[in-house]
1. Using the number of other C-beta atoms within 10 angstrom as an exposure proxy, rank 8, 208, 235 with the fewest first.
2. Suppose we keep just the DSSP beta bridges with both residues in the stretch 94-210; what percent of those would be antiparallel, to 5?
3. Only Cα pairs within less than 10 Å get springs; with that Gaussian network setup on the chain, which residue of 230, 47, 220 has the largest fluctuation?
4. Of 207, 226, 5, how do they rank once you tally other Cβ atoms within 10 Å and put the fewest first?
5. Only bridges whose two residues both fall in the chain count here: according to DSSP, what percent of them are antiparallel, nearest 5?
6. Students often check this: by mean Cβ neighbours within 10 Å, which of 48-58, 91-101 ranks highest, and how do the rest follow?
7. Sort out for me the Cα centre separation of the stretch 98-144 from the stretch 55-97, rounded to whole Å.
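Readers should treat all values here as calculations from the given coordinates under stated rules, not as data from a laboratory. Bear in mind that the values here come from a model prediction, so they are computed numbers and not experimental data. Reconstructed Cβ throughout: ideal geometry from the backbone, glycine too, with neighbour counts over all protein chains shown.
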């Protein structure tokens, strides 16, 4: 790995003094490529904090455009970005935040046709999508390629986060043996969502990404973190193999 430049040493000084990260960990962050599926409510804090942390390459996959109703929670976008592709708007914000980070903006939906190309060369993937079908496909695709996945979901005042490395722990199928029936899980447009919740959950996802790349701490593998923001309660439940281990 190449030596950190003087500007990077100053920028990441608070990381460098952490024994758990230090210079070696920061170099790992700089060398990493992370795919973030969705540049919306969850993707916004994930992208901003991963960029601020110095993750070298951020690949953004989102085929949507910025809408005025997004701005209540999708803080990576500005009012001037309304109508722009989200991937392009997010890339502009990252460039302004940290010029040392390379951005690969892909105005594409993560689906069967794009999954392979979007995941090629990726070290960690992050799920910021808004539907169960995409989450399932992303989880299954990452499992086949042995790519760690940090996945989350939010609605109203509640959120969940977990990290999947099924070659050494529980899988998506352990967490969700079957898809919920149609209509059971309403969209944010139907049920509403408090904007700050996506910040809470998204920054937890970013923390998981940093830990996975730097190789520190205990990721949420086999553990589902559940957040009740209305009453500010955090609970963790185990699932899959850990329940029997």
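1. If I rank by nearby Cβ atoms, fewest first, I get 235, 8, 208.
2. 65
3. 230
4. Working: 207 19, 226 14, 5 11.
Ascending Cβ contact count within 10 Å gives the list 5, 226, 207.
5. If we restrict to bridges inside the chain, about 50 percent are antiparallel.
6. Details: 48-58: 21.5, 91-101: 16.9.
Ranking the peptides 48-58, 91-101 by packing returns 48-58, 91-101.
7. Their Cα centres are 16 Å away from one another.
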